[in-house]
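Okay, structure first, notes after.
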Amino acid sequence: MSPSSLSERWLVVFIATVQFINIVDFMMVAPLGPDLAEGLGIATSQMGIVTGVYAGGATISSLLAAKWLDRFPRRSAMVFCLLGLALGTTAAALSFNASSLLAARMLAGAFGGPAMALAMAILIDAIPAERRGRAMGQVAGAFSLASVLGVPAGLELARWGSWHTPFWVIGGFTFALALVAARLLPHQAVQHRNLPPSWPMLYRPGTPRLGLVMLAISVMSGFLLIPHLSTFYQLNLNYPREDIGMLYLVGGALSFFSMRLAGRCSDRFGPLSVSLVTTLGYLLVLWVTFIHTQSWLPIMVMFVSFMLMRTSLSVAVNTQLTWVPPPEQRAAFMSLKTAVQHAASAAAGIVSTWVLSEHANGALQHMATLAVLAAVLAVLQPLLMARLQKQITHKQ
């Protein structure tokens, strides 16, 4: 039974659930920054490192996995990766200092990256090109659900119990998902055992390399700032800790609908049009929030606007990338895509720690400088997408 024999609806539900787990596992750490800083003695300005090591683990494993993901049955590979992700997340709950937390997060990323690549390869195999924007918008809704349900729940679990509690819960949920995948995900015969090496897609000229460069630019533009949002709002703008979960709840709820709209618009008007509009909106958000902070604007408006622009842009970028790989190298390309995505977020996290410093009370300094760098990268992304679109059209 191949993935194409499944109904698109249930296939999207399964893939969205895998994405939800990965996103919550990754996103949960940044909002917990002040809690982790207090519990493990990590400086608030160094939280980019904590998110970066997860991305680093995902980068390395995804590069390695690109050579074999298309050579093994999807179900077996997915179960293996989900079990590893569950192990890494549970290990984070057992962390006793900063080093043990970093090691656990790297382990989780090492399995989470290939799991995301497998999920997206299955989706692309099953969904025709003319409906991929809509499907990507639905799967991208996992980000919104992670914000609406996952991140606020993690913050509340940490408040009711301790910072360990969210990792226990996510680890257990991931293990349960692995059991579901083993039982319900259909077996798929291996069709491509003798494939050319996939790594040349990273450095040879052509649409794959250009698409991956575009992705890296887009991801870095967001992740220069994302790991520091919770700290910035709490310690720089004096937003109450107990209300942080509400920011993610409202932002995620609204982005759930905006991402679906972005997917439909990508199908109707093209990903480039969506990218241009959302990039302009993102530049405005950077200006009024970080570069010249408008104190009269409610923090809820700042945060929600940031989420809407970033998530809608992600739908456009990922829809464009589904047109790049040939069928026989879809999992390999998606694995390289995952590697590049996490490498870019790790690099952004590291760069942000070089730029930022902190006051004695933990408030962040030089956020405006970081936002200017994010704006420069944001302008480059639609320019690269326009060039990529021309190359894809020419190949067709």
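Only the coordinates and a few stated rules stand behind these numbers; no lab work does. As the structure is a prediction and not an experimental result, all values here were calculated from the model. Positions of Cβ are backbone-derived with ideal geometry, glycine not excepted, and every protein chain shown enters the neighbour counts.
Summary of values
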item	result
Cα-based Rg and Dmax for the range 44-130, where Dmax is the largest Cα-Cα distance (Å)	14.7, 50
Exposed chymotrypsin sites (Phe, Trp or Tyr not before Pro) absent: longest stretch of the chain, with sites in DSSP loops and at most 16 other Cβ within 10 Å deemed exposed	97-295
Overall dimensions of the range 258-317 by Cα: Rg and Dmax, Å	12.3, 38
Translational D in µm²/s for the range 336-389 (Stokes-Einstein at 25 °C, 0.890 mPa s, Kirkwood Rh from C-alpha pairs)	188 µm²/s
Segment residue 43-residue 183, extension gain: residue separation times 0.36 nm, minus the distance between their alpha carbons	46.1 nm
Simple label model, 7 Å out from Cα along Cβ direction - residue 175 to residue 284, nm	4.8 nm
R0 of 25 Å, Cβ-Cβ distance residue 292-residue 376: FRET efficiency to nearest 0.05	0.95
Karplus 3J(HN,Hα) series, Hz, for the range 282-297 with 6.51 cos²θ - 1.76 cosθ + 1.60 (x for Gly, Pro)	5, 4, 5, 4, 4, 5, 7, 9, 10, 7, 10, 4, 8, 5, 6, 7
Principal-axis tilt of helix 164-184 within the chain, Cα atoms, nearest 10 degrees	10 degrees
Nearest 10 degrees, 0 to 90: helix 98-126 Cα axis against the chain principal axis	40 degrees
Residue 365 long-range amide H proximity, modeled H, under 5 Å	357, 358, 359
Inter-site label distance for residue 269 and residue 71 at 7 Å from Cα along Cβ, in nm	4.5 nm
Cα coordinate range in the chain, projected on the principal axes (Å, largest first)	58, 43, 35
Square roots of 5 times each gyration tensor eigenvalue, C-alpha, the range 219-349, largest first, Å	29, 17, 13
The range 299-392: C-alpha pair distances exceeding 23 Å, %	40 percent
Vicinal HN-Hα couplings computed from phi for the range 337-343 (Karplus, 6.51 cos²θ - 1.76 cosθ + 1.60; Hz; Gly/Pro x)	4, 4, 4, 5, 4, 6, 4
Residues 38, 358, sorted so that the one with the fewest Cβ neighbours within 10 Å comes first	38, 358
For residue 163, distant residues with modelled amide H under 5 Å away	none
³J(HN,Hα) computed for each position of the range 355-367 - Karplus, 6.51 cos²θ - 1.76 cosθ + 1.60, integer Hz, glycine/proline x	7, 7, 9, 9, 6, 4, 8, x, 5, 8, 9, 6, 5
Fully extended contour minus Cα-Cα distance, from residue 64 to residue 241, at 0.36 nm per residue	59.7 nm
Pairwise label distance in nanometres, residue 393 with residue 94, each label 7 Å out on the Cα-Cβ vector	5.6 nm
Folded to 0 to 90 degrees: helix 244-269 orientation relative to the chain principal axis, Cα	30 degrees
Between the range 64-90 and the range 356-376, the Cα center-to-center distance that results, in Å	37 Å
